[in-house]
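K.L.:
Sharing a structure below in structure tokens format, with a few things to ask.
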Amino acid sequence: MLEGLWKNRNDFVWHNKKEDAAKLGWLAFHKWQDWFMAHNIRELQLDNREVVTWNSPPFGSFTCNMDAAFNKRVRTTNRGWCIRNDHGNFVAAGTAWDGSTFSVIEAEALALKEAIQSVIMLHNAPTIFESDSQQVVQALSSNTPGSSEFISIINSIKSLLLDFPNFEVKFIKRQANMVAHTLAKAANSWS
């Protein structure tokens, strides 16, 4: 709540904009819910003794994690990606957001496509792209016909992957994708 009040104060001082108290309370409640959910997930992981973590790629290759998120308050679709080397060291990261909303599956596919394009611009080294969207990963290995926006994005990703045979896409659990998830959630917080 204090963070929301402080941000509201700064927005009023610097931009002459302010939110009403009910909205600040609503935002604080949702942040508390996010914290509570994350805390409970962590406890469940510890209780089950199955802690899922990010793993380094094979020697000489890179891993690129990506994710999509939505900001309902400003109605944007966000994406984030992070590249790490075989030692687990940070190489590069990026975020993007669109002023329109996509379906969850379209947003996840767009995040993958943008991550692949970013890696192509950086290097042509073997790279494993890890997504927590099982539907997107499965769609890449199927020949589903159609003309939807999702199928169009999947087809453009397939085309990119054909040009770069040293790229691989695989599914991982959300817990091992938290860096990309955090980047995607924060994408439109930065200019």
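Values in this text are rule-based calculations from the coordinates and carry no lab data. From a predicted model like this one, the values you see are computed outputs, not experimental measurements. FYI the Cβ positions are ideal-geometry reconstructions off the backbone, even for glycines, and counts take in every protein chain you see.
K.L.:
Any chance you could run the full-extension gain for D86 through L162? It's 0.36 nm times the residue separation minus the Cα-Cα distance, nm to one decimal.
P.N.:
Fully extending the segment from D86 to L162 adds 25.0 nm.
K.L.:
Using a 7 Å offset from the Cα along the Cα-to-Cβ direction at both K7 and A125, what is the distance between the two label points in nm, to one decimal?
P.N.:
So the label points at K7 and A125 sit 3.5 nm apart.
K.L.:
So between Q117 and Q134, what do we pick up on full extension, going 0.36 nm a residue minus the alpha carbon distance?
P.N.:
4.1 nm
K.L.:
While we're here: With the contact rule set at Cα under 8 Å and sequence spacing of 6 or more, what percent relative contact order holds for the range 88-191? The partial results should precede the final answer.
P.N.:
Details: 79 pairs, mean separation 40.3, N = 104.
For the range 88-191, the relative contact order is 39 percent.
K.L.:
Which cross-chain or sequence-distant (5 or more) residues have an amide H under 5 Å from the amide H of S61, H modelled 1.01 Å from N in plane?
P.N.:
Amide H to amide H, under 5 Å and 5 or more residues apart or across chains, S61 pairs with D86.
K.L.:
Quick query: amide H of F70 versus all other amide H atoms, modeled in the peptide plane; which residues come in under 5 Å with a sequence gap of 5 or more or a different chain?
P.N.:
Excluding prolines and chain starts, which carry no amide H, the hits are N78.
K.L.:
Apply the Karplus parameterisation 6.51 cos²θ - 1.76 cosθ + 1.60, with θ equal to phi minus 60°, to every residue of the range 129-139 and state each ³J(HN,Hα) to the nearest whole Hz, in sequence, with x for glycine and proline.
P.N.:
9, 10, 10, 8, 9, 5, 5, 5, 4, 5, 4
K.L.:
Here's something else I'd like to know. Determine which lysines satisfy two conditions relative to K18: a Cα distance under 27 Å, and not lying fewer than 8 residues away in the same chain.
P.N.:
K7, K31, K72, K185
K.L.:
Once phi is turned into ³J(HN,Hα) by the Karplus curve 6.51 cos²θ - 1.76 cosθ + 1.60 with θ = phi - 60°, what whole-Hz value does each residue of the range 70-87 show in order, with x for glycine and proline?
P.N.:
After applying 6.51 cos²θ - 1.76 cosθ + 1.60, I find 10, 10, 5, 4, 10, 6, 10, 10, 10, 9, x, 9, 9, 10, 10, 8, 5, 9 Hz.
K.L.:
Another question, then. Considering amide H positions built from the backbone, and no H for Pro or chain starts, which residues 5 or more places from V91, or on another chain, come under 5 Å of its amide H?
P.N.:
I83, R84, N85
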